[in-house]
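J.: Below you'll find the structure I mean.
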Amino acid sequence: MEFETTDQDLITLYTICDQFTDKIIERGQLIPILQQIQEKIGYIPKEAIVKVSEVLSISQAAVYGVATFYNQFRFVPPGKYPIKVCLGTACHVKGADIILENFERKLGIKEGETTQNREFSVERVACVGCCALAPVALVGEQVYGHMAPSKVEGIFTQIEVKKQIEHKQTPNSEN
Amino acid sequence: MSNDPIYTTYNQIVEQSLQHQNGIQNIPKIHLGLSTCGIAAGALETKAAFEASLQEYQVNVYLHTVGCMGHCYAEPYVIIDHPESGFPPVFYHNVTPGKANMLVQRFLLENDPCFEHVYGATVENELIPSVYEFSRFHRERRLVMKHCGQIDPENIHEYIAAGGYAALAKALHMDAKTIIQEIQHSGLRGRGGAGFPTGKKWQIASESQAADKIVICNADEGDPGAYMDRTLLESNPHQVLEGIAICAIAVGAKRAIIYIRSEYPLAIKTLTLAIAQAKSLGLLGSAILNTSCQVEIEIFQGSGAFVCGEETALIQSIEGFRGMPQHRPPYPVSKGLFNHPTVINNVKTLATVPLIIEHGADWFKQTGTPNTPGTAIFSVVGSVVHPGLVEVEMGISLRELIFTVCGGIPGKKQFKAVQIGGPSGGCLPDAYLDTPIDFDSLTQAGAMMGSGGMVVIDETSCVVDVTRFFLDFTQKESCGKCTFCRIGTRHLLDILKRITVGNGEESDIGLLESLSIDVKQGSLCGLGKTAANPVITSLRYFRSEYEAHIVDKQCPGKTCRPLIAYYIDLEKCARGCDACVGCCPTNAVFTTRTRKKGIDLQLCVKCGECMAACPPEYNAVRKVSPPHLAPVIERPPDTDTNLSH
Ligand SMILES: Cc1cc2nc3c(=O)[nH]c(=O)nc-3n(C[C@H](O)[C@H](O)[C@H](O)COP(=O)(O)O)c2cc1C
Ligand code: FES
């Protein structure tokens, strides 16, 4: 699935990279710059590869090579509600793959993908550090422990309720 | 000592720290664990509830946020210290917001400690049984994690008031050679997995004449089921910083880098704050404790690649390249980051250093075994009653750790195996439960100390499946440099996959064995060299499980989904109950003409929800392997049409 980089994201990208023009920066800055871009934009848009290669005066292939090597960097925008399913050891032995499957089935996307409307994305992560609660899933920062397939349904209901509350609170929602 | 300039400065800082503590000495305190695991279990909600009810009832209490004690099964937990009530400090587990509210009202206002909710007192006393009567508490030996969960990691004064940075002051009095001798004499071995003698590493680095040397603290912690380093950094960052500073002084480095994974945001935040606080008190930075010693510590965020835990790959990653391991020698201690001599040590190794400097090598050697002195920190998870982080003396047996300290297997299930050392480790069966925990014994048994991740597996899990899980991990994490690691792990995984879906062939076991040896021999770094360990040990100890999968198409643990089936025992099923129908995510459960339920095996995804949902008084859902053992119950034609809506 292709996602166009939004104008807002492009502005953010250029602002980040502008900090570095006119400065001599070392190759060692490559990962920190990519991290900054991902932190601000949520992913590494294709324009970033070009821009960063210019800033560091290295080839686009070198930037892309590094960016794709590390698991942290993603190339599709995350959903508004990013879902992460822990597939660490403890969660695996408690059936985490079934939980992941339930999210995938429910949203009609596979891990690593984002729904077309950019509402949800699903990805797998390794140990979030609360193995005692295994299996674990996260929506944004919120951790859901002792997951079960039926809880997946509950999470979506919760999000739906939250959305409606937010909708009511937005002042111009009537228009 | 009073006219010694280092101690004069240090004592002034201690004085300042004690003053900070004085302010809160005489009021009741609530200690609340707020590390990642606590927050995940709802500690922030609990904290908010305490704050709200303290406000409501206008009680003057110090809400003390601390790190993690390692008792993950009890999260969120609090310790309430209310001396006026006459009771000792009390430990409460699983404190929900409602319980928090009640504790404020009943304990803090009415002096009633709510006996029905008490887990235990944290000190010996006559009124309330102490938590130390539980083996989870008294069999632990907390040296490195002593202050974890006791002090506020965001407040340096608490660490100093507890004796922190005294080792640094002491080290500044010793010459570099003596420090290294002390570490060598202590027999400390690196806790990053390989168990390399730390003193020896420092010795080599100190001998180099290079002007710039670097110390790197390895906090990459890539094992997908371990979190000791994170907890240590989140709960007591200063002990690690103190260790790094001592190491830098000993080897003659002015610059230190903490390589920490970016997936650990709380640990990064805590560390950043800790570094700033230590600098502002003159415990780090230039002129440490007014001496000419200088150590600057910075943080580098890793980007989530398991192989970057390997020291040469880690260096590549800081230099801005793909994290690919390099040939050694030259070892990083002679030629490391940007070609400077670089000492790389694990978080736990460095956190142990201040203890050795403060109490001496001989004291340290009293704990543990002659070959591996000290303690081991494990994250014990999986099928145990009391999962969490435990610090135990090196040399205690696996049996004692799993059954005594961690409470054994819940629900009367049978122990099957324990997986130690993460993706590089192995699965040990019950015959090996008496193996003592230390680097050499575990390696001999076929497992590995590795990262310290320990997963306990009971009879309802499948060893072949766990092996496949680890191979799936290493295959994805292989950097691709060595052919045997890149392609060999791929083939191992493919074979394991086909065994777990029931397409295994009899020749597969032999193939796995020979391929494992090839991958081990044909790889450059530890990742490839150990990637096949899970396969080798599981084949050694659990061969019959492989054979059951291959020959009988049966999964003894009833885990591998293609080899199992669920059905409903019509004798047991109750007519009126619809629990299983409602919870099935794929509408596979249908109602038969007799109004009892059946499972459409074509639609069933084998998630097990119906089994969980079936009320215990009926207990009608069965799981069988191989799948043909499930009786076929025809779906009545009329229900088919219902389904399509
Ligand atoms: C694939 C691989 C992953 C590793 N991961 C880590 C890690 O996450 N943390 C760590 O401290 N050491 C890790 N190591 C070991 C390091 O290479 C190195 O030996 C260690 O950091 C040295 O510290 P120590 O002497 O204190 O143990 C790993 C090694 C390999 C081969
Ligand atoms: S394995 Fe999932 S939280 Fe640790």
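What follows draws every value from the coordinates through simple rules; no lab data is involved. Model, not experiment: these values are computed from the prediction. Methodologically, a virtual Cβ is constructed for each residue, glycine included, from the backbone with ideal geometry; neighbour enumeration extends over all protein chains shown.
J.: With label points built 7 Å along Cα→Cβ from the Cα atoms of residue B:547 and residue B:296, find their separation and express it in nm.
T.: 6.4 nm
J.: Using the alpha-carbon centroid of each, what span in Å lies between the range B:573-622 and the range B:188-212?
T.: When both Cα centres are located, 60 Å separates them.
J.: Given a cut-off of 25 Å, name the pairs among A:46/B:529; A:110/B:476; A:80/B:497; B:365/B:529; A:46/A:80; B:177/B:213 whose C-alpha atoms lie farther apart than that in the structure shown.
T.: Values: A:46/B:529 36 Å; A:110/B:476 17 Å; A:80/B:497 34 Å; B:365/B:529 31 Å; A:46/A:80 20 Å; B:177/B:213 16 Å.
Violating the 25 Å limit, Cα to Cα: A:46/B:529; A:80/B:497; B:365/B:529.
J.: Over the Cα atoms of chain B, compute the convex hull volume and normalise it per residue, giving Å³. The partial results should precede the final answer.
T.: Working: hull volume 117.9 nm³, N = 645.
Output value, Cα hull per residue: 183 Å³.
J.: Semi-axes of the range B:193-292's equivalent ellipsoid from the Cα gyration tensor, sqrt of 5 times each eigenvalue, largest first, rounded to whole Å? Before the final figure, lay out each step's value.
T.: Details: eigenvalues 111, 77, 21 Å².
The three semi-axes for the range B:193-292 are 24, 20, 10 Å.
J.: For Cα pairs less than 8 Å apart in space and 6+ apart in sequence, what is the mean separation divided by the residue count of the range B:564-629, i.e. the relative contact order in percent? List each step's numbers first, then the result.
T.: Working: 108 pairs, mean separation 31.6, N = 66.
Relative contact order here is 48 percent.
J.: Hey, another quick one. Choose one of B:131, B:314, B:44: the residue whose Cα lies farthest towards the positive end of the charge dipole of chain B (beta-carbon charges +1 Lys, Arg; -1 Asp, Glu; about the Cα centre).
T.: Of the candidates, B:314 comes out farthest on the positive side.
J.: Could you give me the radius of gyration and the Dmax of the range B:375-461, taking only the C-alpha atoms into account and expressing both in angstrom?
T.: 11.4, 33
J.: Right, here's the next one. What is the Cα coordinate range of the range B:521-645 on the first, second and third principal axes, sorted by size from largest, in whole angstrom?
T.: The principal-axis extents, from largest down, are 62, 30, 26 Å.
J.: Given Cβ point charges of +1 (Lys, Arg) and -1 (Asp, Glu) and nothing else, what value in debye, to the nearest 20, does the dipole of the range A:81-169 about its Cα centre take? Walk me through the numbers before you get to the answer.
T.: On the way: 11 positive and 11 negative charges, 29 e Å.
Rounded to the nearest 20 debye, it is 140 debye.
J.: Moving to a separate point now. Could you state the number of Å between the C-alpha centres of the range B:344-410 and the range A:61-122?
T.: If we compute the Cα centre of each part, the gap is 35 Å.
J.: Give me the one-decimal nm value for the distance between modelled label points at residue A:170 and residue B:595, 7 Å along each residue's Cα-to-Cβ direction.
T.: 4.8 nm
J.: Using only the Cα atoms of the range B:164-365, what do you get for the radius of gyration and for Dmax, in Å?
T.: Over the range B:164-365's Cα set, Rg and Dmax evaluate to 15.5, 43 Å.
J.: Considering the alpha-carbon set of the range A:81-169 alone, what are its Rg and its Dmax in angstrom?
T.: In order Rg, Dmax, the Cα atoms of the range A:81-169 give 12.8, 42 Å.
J.: Moving on to the next point. What number, in nm² with one decimal, is the all-direction average of the projected area of the convex hull of the alpha-carbon atoms of the range B:464-551?
T.: That works out to 4.7 nm², a quarter of the Cα hull's surface.
J.: Expressed as a rounded percentage, what relative contact order does the range B:88-206 have, with Cα pairs under 8 Å and six or more residues apart?
T.: On the way: 87 pairs, mean separation 16.6, N = 119.
Averaging sequence separation for qualifying contacts and normalising by length gives 14 percent for the range B:88-206.
J.: Based on DSSP H runs of at least 4 residues, each adding -39500 (n - 2.57), what is the mean residue ellipticity at 222 nm of chain B after dividing by all its residues, to the nearest 500 deg cm²/dmol?
T.: Calculated mean residue ellipticity at 222 nm is -10500 deg cm²/dmol.
J.: Between residue B:254 and residue A:142, how many nm apart are label points set 7 Å from Cα along the C-beta direction?
T.: Going from the residue B:254 label point to the residue A:142 one covers 5.1 nm.
J.: In deg cm²/dmol, rounded to 500, what helix-only [θ] at 222 nm does chain A give when every DSSP H run of at least 4 residues adds -39500 (n - 2.57) and the total is split over its residues?
T.: Values: 7 runs with 83 residues, N = 175.
About -14500 deg cm²/dmol.
J.: I need B:572, B:29 ordered by Cβ neighbour count within 10 Å, fewest first.
T.: Numbers: B:572 14, B:29 18.
Exposure proxy ranking, most exposed first: B:572, B:29.
J.: If the range B:64-147 were replaced by its equivalent ellipsoid, with semi-axes equal to the square roots of 5 times the Cα gyration tensor eigenvalues, what would those be, largest first, whole Å? Spell out each step's value before the answer.
T.: Numbers: eigenvalues 93, 47, 26 Å².
Result for the range B:64-147: semi-axes of 22, 15, 11 Å.
J.: Across the residues of A:130-139, average count of Cβ atoms on other protein chains within 10 Å? Let's see the in-between values first.
T.: Values: counts 12, 15, 16, 8, 4, 0, 1, 0, 1, 0.
The shielding value for this peptide is 6.
J.: Could you state the principal axis extents of the C-alpha atoms in the protein assembly as shown, from the largest down, to the nearest angstrom?
T.: Here the spans come out as 95, 70, 69 Å, largest first.
J.: Using only the alpha carbons of the range B:421-505, what is the convex hull's orientation-averaged projected area in square nanometres?
T.: Working: hull surface 26.8 nm².
Average of the hull's projected areas for the range B:421-505 equals 6.7 nm².
J.: Could you tell me the ratio Rg/Rh of the range B:451-609? Both radii from Cα atoms, Rh via Kirkwood.
T.: The Rg/Rh ratio comes out at 1.12.
J.: Grab the alpha carbons of the range B:16-57, take their convex hull, and tell me the volume per residue in Å³. Working shown, then result.
T.: Values: hull volume 3.6 nm³, N = 42.
For the range B:16-57, the hull spanned by Cα atoms encloses 87 Å³ per residue.
J.: Okay, moving on. Can you give the Rg/Rh ratio of chain A, where Rg is from the C-alpha atoms and Rh is the Kirkwood radius? Each step should come with its number before you reach the end.
T.: Values: Rg = 18.7 Å, Rh = 18.0 Å.
Value, to two decimals: 1.04.
J.: Give the separation of the Cα centroids, the range B:1-55 to the range B:438-517, in Å.
T.: If we compute the Cα centre of each part, the gap is 45 Å.
J.: Now a separate question. Using amide H atoms built in the peptide plane, which far-off residues or other-chain residues are under 5 Å from residue B:302 H to H?
T.: For residue B:302, whose amide H was placed from the backbone, the distant partners under 5 Å are B:260, B:261, B:262.
J.: Just checking the output field for A:63-72: average partner chain Cβ neighbours within 10 Å of each residue's Cβ? Write out the running numbers ahead of the final one.
T.: Working: counts 1, 0, 2, 7, 2, 1, 13, 9, 8, 8.
That average works out to 5.
J.: Quick check on packing: order A:55-61, B:418-424 by the mean number of other C-beta atoms within 10 Å, highest mean leading. Present the calculation step by step, with values, prior to reporting the outcome.
T.: Numbers: A:55-61: 14.1, B:418-424: 28.1.
For the peptides A:55-61, B:418-424, the packing ranking is B:418-424, A:55-61.
J.: While we're looking at this one, here's another question. Indicate, rounded to the nearest 5 percent, the antiparallel portion of the DSSP beta bridges found entirely in the protein assembly as shown. All intermediate terms of the calculation are to be shown ahead of the outcome.
T.: Numbers: 43 of 77 bridges.
Within the protein assembly as shown, antiparallel bridges account for around 55 percent of the total.
J.: Residue separation times 0.36 nm, minus the C-alpha to C-alpha distance between residue B:460 and residue B:569: what's the value? Mind dumping the intermediate values first?
T.: Values: separation 109, 0.36 × 109 = 39.24 nm, distance 2.02 nm.
Contour length minus Cα-Cα distance gives 37.2 nm.
J.: Could I ask something else about it? For chain B, what relative contact order do you get, as a whole percent, if you take Cα pairs closer than 8 Å and at least 6 residues apart?
T.: Working: 1331 pairs, mean separation 67.5, N = 645.
In percent, rounded to a whole number, it is 10.
J.: To continue, here is another question. Return the FRET efficiency for the residue pair residue B:52, residue B:507: r is the Cβ-Cβ distance, R0 is 45 Å, and the value is rounded to the nearest 0.05.
T.: On the way: r = 66 Å, r/R0 = 1.47.
Once the sixth-power term is evaluated, E becomes 0.10.
J.: Just rank B:379, B:397, fewest to most, by other beta-carbon atoms within 10 angstrom. Show your work: numbers first, answer last.
T.: Values: B:379 31, B:397 16.
With the sparsest Cβ surroundings first, the list reads B:397, B:379.
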